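Just below is one structure, and these are the notes that go with it.
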Amino acid sequence: MQKKLTLIFMLLAVFSYSQSSIIKGRLLDKNTNDSLPYVSIGILKKGIGTVSKSNGSFSLDMKNALDIDTVKFSSLGYKPLIFKIKTLKKILNSNPNIKMEESIENLDEVIIMSKKKWKEKILGSETKSTSVTMGFSSNLGSELGRKINITKKQTHILKFNTHVALNTYASIKLRLNFYTVKNGLPSKKINTENIYVDFIGKSGLLTVDLEKYKLIVDNDIFISLEWVDNQGDGQFRISSRLGTSGIKHKYSSEDNWRAVPFTLGYNISIKY
C-alpha cells in the first residue's frame, strides 16, 4: 500500500509540473477590448515562442524556460510588452487578459515623380524544386527568409513570389515580413501593416500583390515568411536550391537568426 501511494504521489507531481509549464491567456486591444490575432510571442534569445490565435488566445509551453527569462509580445501597430516569466505568471493567474496599446508612428512622406519612365525586373531566385526544399520548425512564429540585393534607389516592390513544393495542411496562414539588413542580418521591419498570405492546395505558386503597401527601398532587404496559423496537421515546404546566398531561419519571434547553406526560391518583381 505504501509503495502504491508513493507512486500515485509521484505521478500527480509529474502531472502537476507538466500542467504548470503551460501558460495561457488572451491578447486584447487596450482601448477597444477587441481580440488581437497573430501577435508574436517569444522568449528573448531562445527558440521558444508562439503566435496568438485568431481570437487573441495563446498557449505557451514554458517547460524549457526559467522564471528569470524574459518574454516579449509584439505586433505591428502596437507597443511591445516585455515581462519576466515569473511576473507574467502572476499577472495571468489574476487576469488571463493582457492588453496592448496602439503605437502611433509618423511615417516619412514618399514623393513619387509621375513622369519617370520605370524599368521592371525580377530579383531573387526562381525554382520549382521538389527535391531541395525548406520547411518551418514546429513552433508557430518560426520564420524562414533570405536577403535580396537592392542596387537602385527608390526601388518599388510590386510582387512577392515563391513556389510551394509540398503542403499537407488543409490550409496554412503565413505572414510576409520585410526587414532592413544590418551586419548581414535582418534588422527593422519595413512594412507598417501585417501582410497575411493564405495557401490552400498541395503545391504551386504562392504570389502576393504588394503594390497597395507602397514598399519603396534604397538598400538591401531581407524577406521572410512567418508561420502564424494552420488547419489540420502536416508539412509545408518551400522550393529551394543548393547555394550560398544564405537562408536564415529562427524558431520563434525572439530567437536568434540561424544560417542554412541553401538558397530559398523567393523572388520579387520590382520597378525602379
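Nothing in this text is a laboratory measurement; each read-out follows from the coordinates by a stated rule. Given the structure is predicted, the values throughout are model-derived calculations rather than measurements. Virtual Cβ from ideal backbone geometry, glycine too; neighbours counted across all protein chains shown.
At-a-glance table
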{"item": "Calculated [θ] (222 nm, deg cm²/dmol) that DSSP helices of n ≥ 4 give over the chain, each run adding -39,500 (n - 2.57)", "result": "-3500 deg cm²/dmol"}
{"item": "Mean separation of Cα contacts under 8 Å (6+ apart) over length of segment 13-100, as relative contact order %", "result": "32"}
{"item": "Cα gyration tensor shape for segment 120-271, rounded if a/c is under 1.5, else prolate or oblate", "result": "rounded"}
{"item": "Debye log10 I(q)/I(0) for the chain, one point scatterer per Cα, at q = 0.08 Å⁻¹", "result": "-0.39"}
{"item": "R0 of 51 Å, Cβ-Cβ distance Val260-Ile104: FRET efficiency to nearest 0.05", "result": "0.85"}
{"item": "Inter-label distance for Asn219 and Lys189, nm, one decimal - labels placed 7 Å from Cα along Cα-to-Cβ", "result": "2.0"}
{"item": "Paramagnetic label zone (point 7 Å from Cα along Cα-to-C-beta, Thr32; backbone N under 17 Å) in segment 54-69", "result": "54-57"}
{"item": "Point-to-point label distance, Asp61-Lys152, nm (Cα→Cβ direction, 7 Å offset)", "result": "4.8"}
{"item": "Computed P(r) (all Cα pairs; segment 111-168; 10 Å bins; percent)", "result": "15, 38, 26, 15, 5"}
{"item": "FRET efficiency estimate (nearest 0.05) - Cβ-Cβ, Lys271 to Lys202, R0 35 angstrom", "result": "0.60"}
{"item": "Simple spin-label estimate for Lys86 and Leu242 in nanometres, 7 Å along Cα-Cβ", "result": "5.2"}
{"item": "Antiparallel content of DSSP bridges confined to segment 13-100, in %, to 5", "result": "80"}
{"item": "Candidates per GluC sites (Glu not before Pro) in segment 184-272, loop by DSSP, up to 16 other Cβ within 10 Å", "result": "Glu193"}
{"item": "Most mobile of Ser59, Ser131, Ser171 in a GNM of the chain (Cα contacts under 10 Å)", "result": "Ser131"}
{"item": "Pairwise FRET efficiency - Ile68 versus Asn95, Cβ, R0 = 30 Å, nearest 0.05", "result": "0.85"}
{"item": "Taking N as its residue count, the alpha carbon Rg of segment 13-100 over 2.2 N^0.38 Å", "result": "1.05"}
